Structures are given as structure tokens and as C-alpha cells.
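J.: Right, I'll just put the structure down here and ask away after.
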Amino acid sequence: MEGQSPTAPLASNEQRSLRRLNNLKQKLKRTGIEQTYSKIIEEQKANGIAESADQPAQGVEFYIAHKPVI
């Protein structure tokens, strides 16, 4: 953005990301693929492709909203 320092800290987007996650959950339920999608995520975790965040974030946080690939 013009006039903004390239090193300026990012504003928190936690609430926006949580809203997007809740909308995704509703869409998966509505389309009937919630269990299939959940199974794929669990397989990715088992194969080391994805992992759970077991510790709280430290320092500056920026949430990357999940976008499904269906």
C-alpha cells in the first residue's frame, strides 16, 4: 500500500480467519462432504503433510485462512 512502511506490522486477522473457517465448515456440511474432507486432512496429518499447532503462537501472529481444494 502506498505510504505504508514495508516493515509495518500486520494487523490481526484472527476474527476474519475464524469467520472464514466457520463458513467453510457450514459449506462442507451443506454439501455433504464434511466427513470425506475431514478424512483427507487426517491422512495428511498422518503422512506428515500437515500438522496441528500444539503450542500457542509467540510474537507477531498472522493467520492464514484455510481455502479448501475440492
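The values are calculated or read from the model by the stated rules, or taken from the named source; none is laboratory data. All values derive from a computational prediction rather than experimental measurement. With ideal geometry, Cβ positions are generated from the backbone for all residues, glycine too; neighbour counts draw on all protein chains shown. Heads up: the accessible areas ignore ligands, DNA and RNA and are worked out on the full protein's heavy atoms, side chains in. Shrake-Rupley method; radii C 1.70, N 1.55, O 1.52, S 1.80 Å.
J.: Starting with the highest mean, order 49-58, 23-32 by the number of other Cβ atoms within 10 Å, averaged over the residues of each peptide.
T.: 23-32, 49-58
J.: Taking θ = phi - 60°, what integer Hz values does the Karplus form 6.51 cos²θ - 1.76 cosθ + 1.60 yield along the range 41-47, in sequence order, with x for Gly and Pro?
T.: Ordered by residue, 3J(HN,Hα) equals 4, 5, 5, 5, 5, 5, 8 Hz.
J.: With the other protein chains left in place, how much accessible area per residue, in square angstrom, belongs to the range 18-70 at a 1.4 angstrom probe?
T.: 93
J.: Here's another thing I want to ask about it. Once the chain is represented by equal point scatterers at the alpha-carbon sites, with solvent omitted, what log10 I(q)/I(0) does the Debye formula produce at q = 0.27 Å⁻¹?
T.: -1.28
J.: Moving on. Residue 38 to residue 8: extension gain in nm, 0.36 nm per residue of separation minus the Cα-Cα distance?
T.: 7.2 nm
J.: Which whole-Hz couplings ³J(HN,Hα) result when phi for each residue of the range 17-30 is put into the Karplus expression 6.51 cos²θ - 1.76 cosθ + 1.60, θ = phi - 60°, listed in order with x for Gly and Pro?
T.: So the J values, rounded to whole Hz, are 5, 5, 4, 5, 4, 5, 5, 4, 4, 5, 5, 5, 5, 4.
J.: In addition: How large is ³J(HN,Hα) for each residue in the range 49-63, as worked out from phi by the Karplus curve 6.51 cos²θ - 1.76 cosθ + 1.60 (θ = phi - 60°), to whole Hz, x for Gly and Pro?
T.: My calculation for the range 49-63 gives 6, 10, 8, 7, 8, 8, 10, x, 5, 10, x, 6, 10, 9, 8 Hz in order.
J.: Where the accessible area of the chain is counted over protein heavy atoms with a 1.4 Å probe, how much of it, in %, is carbon and sulfur?
T.: Roughly 51 percent of what the probe reaches on the chain is carbon or sulfur.
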